[in-house]
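Okay, structure first, notes after.
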Amino acid sequence: MKADTLQREKDLLIERRNSLLADIAALKETLRGEVDVDIDEGDPDVVEREKSVILLETLQSELAATEDALRAMEIGTYGICDRCGKPISPERLEVKPEATLCVTCQGEVDRLRRRGMAPTRRWKAEDYSFG
Ligand SMILES: [Zn+2]
């Protein structure tokens with residue numbers, strides 16, 4: 001990857017990290033302010049609060065991904081897939097500068113995650129032992 005491209009990606013990531021940090025701080029502030037709300041099922045405030053909590057989790061995982069990408073830049077592995085070691089396409093990094101996996105591996109990981117990370121196992125060797 002060209003040095004000027006890398007610098008631009010880095011600037012984007014730092015900008016993104018700063019805006020995520022600001023959003024997270026604002027959201028935490030909002031959530032703190034709502035602690036006194038009556039816990040009543042169907043209360044629209046509670047629904048709002050749940051949405052904020054989910055949003056906060058999303059932002060925090062994006063922040064973690066952004067920081068991983070920045071760290072990868074520091075040690076010179078940015079743009080290399082964490083899983084297979086192949087280069088991540090520049091088009092993908094353009095859209096998602098915090099990506100640490102190539103499209104193929106991301107698809108694979110997403111699929112595993114949907115299944116609860118555990119590959120399904122249909123049989124065990126013990127089932128076939130005689131004794
Ligand atoms: Zn990969």
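The values are calculated or read from the model by the stated rules, or taken from the named source; none is laboratory data. These numbers were taken from a predicted model, which means no experiment stands behind them. When we count neighbours, we look across all protein chains shown, and the Cβ atoms used for this are built from the backbone with ideal geometry, even at glycine. These area figures cover heavy atoms from the full protein model, side chains too; ligands, DNA and RNA do not enter into them. Shrake-Rupley method; radii C 1.70, N 1.55, O 1.52, S 1.80 Å.
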| Subset of region 64-87 [of a type in the set (A, V, I, L, M) and open to solvent by less than 60 Å² (accessible area, probe 1.4 Å)] | 64, 65, 69, 70, 72, 73
| How about region 106-131: which of its residues are modelled with pLDDT of 50 or more, open to solvent by 100 Å² or more (accessible area, probe 1.4 Å) and assigned to a helix (DSSP H, G or I)? | 111, 113, 114
| request: Quick one: which residue in 47, 53 is loosely packed, with under 15 Cβ neighbours inside 10 Å, assigned to a helix (DSSP H, G or I), at pLDDT 85 or above and of a type in the set (A, V, I, L, M)? | output: 53
| request: Please work out which residue is farthest from residue 5 (Cα to Cα), limiting yourself to region 83-105 and to residues that are modelled with pLDDT of 90 or more and among the charged types (D, E, K, R). | output: 83
| field | Unique match (being out of contact with any strand residue (DSSP E or B) (no Cβ under 8 Å at 6 or more places or on another chain), in a helix (DSSP H, G or I), at pLDDT 90 or above and exposed (fewer than 12 other Cβ atoms within 10 Å of the Cβ)) among 4, 11 | value | 11
| task | Kindly indicate the residue of region 88-104 that is open to solvent by 50 Å² or more (accessible area, probe 1.4 Å) and part of a helix (DSSP H, G or I) and also nearest to the ligand (Cβ to nearest atom) among those meeting that condition. | result | 104
| said: So residue 68 ticks every box in (1) at pLDDT 95 or above; (2) touching a Ser or Thr at 6+ places or on another chain (Cβ under 7 Å); (3) not hydrophobic (A, V, I, L, M, F, W, C) but one. Which box is left unticked? | reply: (1)
| remark: Output for Cβ contacts, cut-off 6 Å, separation at least six or different chains, first residue within 16 Å of residue 16 (Cα to Cα) and touching a residue at least 60 places away in the same chain (Cβ under 8 Å) in region 72-97, second open to solvent by 40 Å² or more (accessible area, probe 1.4 Å) and not small (Gly, Ala, Ser), reads 73/10; 97/12
